[in-house]
Amino acid sequence: MKRVFLGEFEEVVLLTVAILGENAYAVTVTQELERKTGRLVGFSSVHTTLQRMEQKGYLTSVMGGATAERGGRRKRFFVVTALGQKVLLEVKQVRDDLWNALPQSGFQLSKG
Amino acid sequence: MNPPHWAARLLARFADPNTSEEVQGDLLEMYDHWVQTVGVARARRHYILNVFKLLRPFARDKKSREYSKTYLASPAMIRNYFKVALRNLTKNKGYSFINIGGLAAGMAVAMLIGLWIHDEFSFNKYHQNYDRVAKVMQTVTADGTKHYGEYMPAPLGNELRTHYGADFRYIVMSSFSGEHIVANGEKKFTRKGTYMSEEAPELFSLKMLSGTRSGLDEPYSIMLSESVAKVLFGNANPVGKIVRLDNAMNLKVTGVYEDLPYNTEFRDLTFIAPWDLYVATQSWVKSALDNAEWDNNSWQILAQLSPKADMAQVSEKIRHIKLKHSPQTAYLKPEVFLHPMEKWHLYSGWDSSGNINARIQYVWLFGIIGTFVLLLASINFMNLSTARSEKRAKEVGIRKAIGSLRGQLIGQFLSESLLVVACAFVLSIALVVLLLPAFNVLADKQIDFLWTNPLFWFAGIAFCLITGVISGSYPALYLSSFQPVKVLKGTFSLGRFAAVPRKVLVVLQFTVSITLIIGTIIVYRQIQHAKNRPIGYDRNGLITVNINTPELYNQYNVLRGSLLETGAAVEMSTSSTAPTQNSSNNGGFEWEGKDPNFKDNFCTVGVTHDFGKTVGWQFVGGRDFSRSFSTDSTGMVMNEAALKYMGYKQPAEMIGKYMKWNGVTYTVVGVIKDMLMDSPFEPVRPALFMVNYGWANVINIKLNPAMSARESLDKIESVFQKLSPGSPFDFKFADQQFATKFSTEERIARLASVFAALAVMISCLGLFGLASFTAEQRTKEIGIRKVLGATVPNLWALLSKDFVLLVIVSCAISIPLAWYFLNNWLLSYQYRTEISWWIFAVSTLGALVITLLTVSYQAIRAALLDPVKSLKTE
């Protein structure tokens, strides 16, 4: 089976959506990422990444109810799909395999 | 604290509509977050930056599996509009052809006329001092009529220079353009050129190819135009070389200038020789200057104003200058004025009371024709598009049922008509480029297409937009207001008055066309009328040769003898002017019984004994000159007009009487029928023909009718070559010269007929389209009528009746209109044709025949249809 490719940013965004659970939408994802990684994350890139992954089928979205906040505009909440979970697991598996294959000396060399 | 208003608006308007709502909300929330974490200023920056990143086409569209939202100008819809528009065009190829072709033809005509008018208005603009150059002209008033002339007295130039020097930068004296022989060794040509003061090249701002503009300062110099330099010297540099002028003078070439372009007054100024040389070699000019002859009006004076002077003020200042120096002419009220260069081409013509009666009127005429043709084409286009659009009511119904908004439908129909207009525009440009060479020949112009003129493109595109929007507005606004339920159920009908605007437009169209037809017929009749006018002499086989070399003077008998000997010529004579023109008018004659207060003015022509036999004039009384009467060496022949002018009725009253002029006593020997020498549209002026062998400018030769023209001309040429080896043999046929008097009128007539034909064609195209449309609409009605027993002629009459009625209404409107305008036009000619009733009858009949032919094709086709088939449709 052909492995799916997941970019680094995509992986991080997907994971954050999974972490946030029911409260995952573009704003919370952006803020969570900023908090966790400590770097400034562009809102527009998060938005487009979410769109792209929904297209790929890793995410699904649903519009929330209208509230009094933000001018009465609804939020689009994202949920990781089964495919998304599988992809995340696969990426993790590949990474774990790679870590395990790493010889002790080589790691120290690169560290020194 | 809110984010920048404009950025929020931008986002709402241009973000991907599928995610627009949540993105707007999200960004608002992010903005609050940024305000708290990084401050207002940076929050605003972040916000704006993100808005731009999220605008299409920078951001990706969301490809949802759900139905996408509709929005104005979505690519999918635009593609659909184009597809529907193209399908509609190709489905009805005939209609589309008529629609686009007709509009393109109309636009092409309007463009050609526009180019023509542009060229007329850019006349003389080649000269850099366009707005500061003027001709000095004068008017005289005699018997209540004002005469305008550019022939000026010689001393006026110096007078202007010395007394009004501050107002003028240059005063240029000029002989009038005449044919001269220019030669370089064996290469001899007859070319038009002029003697002018040395400032002329500056005044004309000539572009020098070699030499300088001061080339005329030396007395024996000549400046050549590029084309003359080329024929005389080939590619060699002519500056410093010698040109022989009129086989009499050797002049040094001091400069070569770029040919003056075709749309300048002095376009045939092919060489300039110094005015001082002219004065030195022509004794009559010298005496006119030395004796300050203010009464001898024979030269042209051009002037360039000094930078500060005002044309009108200077003109007013010099108004009475001639009266001051020539008080004896006070009875003629001579007035001098400046005629500015910008008015030379279009405003050089005045009627007897001094109103402008010049080429500008033709510019108006063609401007109006062009506007009308364009209007006709646009009307057609609107008519056909509105007629056709009713067939699309169902499409509108379905679009609305699916969810089209009215704005979207309006957009669709407007863009569709704009598309068609754009096609027509491109097509018309192609047409103009193709037709321009032929048009240039027809109009005697050298016009280029204005590819780089922004005004042209602006006008073209503006016109396209206007036509597109107007013709698209009916379907756009009207059809989009339908209720889909009614349209789709089929209970919808357009109402009785839906066709009224279309009928009005057809009437308007035909009114214009019929007026143009009548106009063209009358213009042709006027020309024919003048051509058929009795001319009083016989111009068949008559040729004229200008005498412009010294060898041809004083050889009268030798030349005549050897010409007759060849058998190629049956008669030869000399005269002061060719029989097809008149250039000399004089007063000061005295005769027995003349009223002392009578200020006489006659055409005066110097002739020889043989002149009458050469041109074949016809006597109403008396006899021709004859060598057997020695007194005939001071003989005179007058025309009937002169007899009447002097107040006599019978030729016998004058024959044998004396007329004194310039100290010579002439005996009147005969009276001839009026000889038409001047404009064929004006009455013949009183003319006196006097025997004078010294006053000869032209040789008239009557060819032998028994010999072919080519053969006789060869023989005559050999005689001329023997007598005057230095000059080329250049001759003119009198009938051709006569024909050139009609060239303006004929050109106008040809142009007008072409435009009229196009207007009629465009109207017919429109009619054809409308007829086929009505025939199609009434298919069922015709089917039922046929079943009930209607015959083909019945049905033909039924379908044609409406259109014939419309055309008759148009005739009723256009006849008085055409009569009014053409009557006014004809009044500007002294010798004019009548507007007879049959012209209107023929035009009406013609219009009806054309209408019937156009409509009948469709009517008969519809009437011949099998009723079973036509009733089965749907």
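Values quoted throughout were computed directly from the atomic coordinates according to the rules given, and no laboratory measurement underlies them. Fair warning: this is a prediction, and the values are worked out from it, not measured in the lab. Glycine gets a Cβ as well: all are built from the backbone with ideal geometry, and neighbour counts include every protein chain shown.
Annotations
- Each residue of the range B:23-30 was assigned a 3J(HN,Hα) from its phi angle through the Karplus curve 6.51 cos²θ - 1.76 cosθ + 1.60 (θ = phi - 60°); the sequence is 5, 4, x, 4, 5, 4, 5, 4 Hz, with glycine and proline shown as x.
- If R0 is taken as 51 Å, the Cβ-Cβ distance between residue B:599 and residue B:714 corresponds to a FRET efficiency of 0.55.
- With kT/(6 pi eta Rh) evaluated at 25 °C and eta = 0.890 mPa s, and Rh the Kirkwood radius from Cα pairs, the range B:542-738 diffuses with a coefficient of 140 µm²/s according to Stokes-Einstein.
- Peptide A:56-68 - average C-beta neighbours from other chains (10 Å radius): 1
- Each of B:421, B:581, B:666 was scored by the projection of its Cα onto the charge dipole of chain B, and the greatest displacement toward the positive side belongs to B:421; charges sit on the C-beta of Lys, Arg, Asp and Glu.
- When only the Cβ of Lys, Arg, Asp and Glu is charged (+1, +1, -1, -1), the dipole of the protein assembly as shown relative to its Cα centre reaches about 5280 debye.
- Peptide A:69-75 has a mean of 6 when you count, residue by residue, the C-beta atoms of other protein chains within 10 Å of its C-beta.
- Between helix B:93-121 and chain B there is an angle of about 40 degrees, using the helix long axis and the longest principal axis of the Cα atoms.
- Charge dipole (debye, nearest 20) of the range A:8-111; +1 at Cβ of Lys and Arg, -1 at Cβ of Asp and Glu: 300
- Projecting the Cα atoms of A:21, A:72, A:47 onto the charge dipole of chain A (Cβ charges, centred on the Cα centre) puts A:72 farthest toward the positive pole.
- One Cα centroid belongs to the range B:816-874, the other to the range B:176-236; the line between them spans 57 Å.
- Unit charges at the beta carbon, dipole of the protein assembly as shown: most positive-side option, B:378, B:547, B:698: B:378
- When each of B:174, B:870, B:214, B:481 is scored by the number of other beta-carbon atoms lying within 10 Å, the sequence from fewest to most is B:481, B:214, B:870, B:174.
- Calculated [222 nm] ellipticity per residue, helices only, for the protein assembly as shown: -16500 deg cm²/dmol; basis is -39500 (n - 2.57) per DSSP H run with n ≥ 4, divided by all residues, nearest 500.
- Efficiency of FRET from Cβ geometry, residue B:457 and residue B:74, R₀ 25 Å, rounded to 0.05: 0.25
- Contact order, relative form, for the range A:8-111: 26 percent (alpha carbon pairs under 8 Å, 6 or more residues apart, mean separation divided by residue count).
- The range B:5-54 - Rg over Rh from alpha carbon coordinates, Kirkwood radius: 0.97
- The overall shape of the range B:321-395, judged from the alpha-carbon gyration tensor, is prolate: a/c is not under 1.5, and a/b is greater than b/c.
- ³J(HN,Hα) computed for each position of the range B:167-184 - Karplus, 6.51 cos²θ - 1.76 cosθ + 1.60, integer Hz, glycine/proline x: 8, 10, 7, 10, 10, 10, 7, 8, 6, 7, 4, x, 7, 9, 9, 10, 9, 10
- Acute angle (nearest 10 degrees) that the helix B:500-531 long axis makes with the longest principal axis of chain B, alpha-carbon atoms: 10
- Full-stretch length increase - residue B:853, residue B:735 - with 0.36 nm per residue and alpha-carbon distance subtracted: 38.3 nm
- Span from the the range B:532-552 Cα centroid across to the the range B:704-766 one, whole angstrom: 14
- Angle of helix B:837-864 to the longest C-alpha principal axis of chain B, folded into 0 to 90 degrees and rounded to 10: 30°.
- Hz values of 3J(HN,Hα) by residue in the range B:690-698 - Karplus curve (6.51, -1.76, 1.60), Gly and Pro given as x: 10, 5, 7, 6, x, 9, 10, 10, 9
- Packing-based order for B:283-292, B:190-199, using average beta carbon neighbours within 10 Å, highest first: B:190-199, B:283-292
- Spin-label zone in the range A:1-42 - amide nitrogen under 19 Å from a point set 7 Å from the Cα of residue A:82 along the C-beta vector: A:1-2, A:4, A:18
- Only Lys, Arg (+1) and Asp, Glu (-1) charged, at Cβ; chain B dipole about Cα centre in debye: 4700
- Peptide A:18-29 is shielded by partner chain Cβ atoms: per residue, an average of 2 of them sit within 10 Å of its Cβ.
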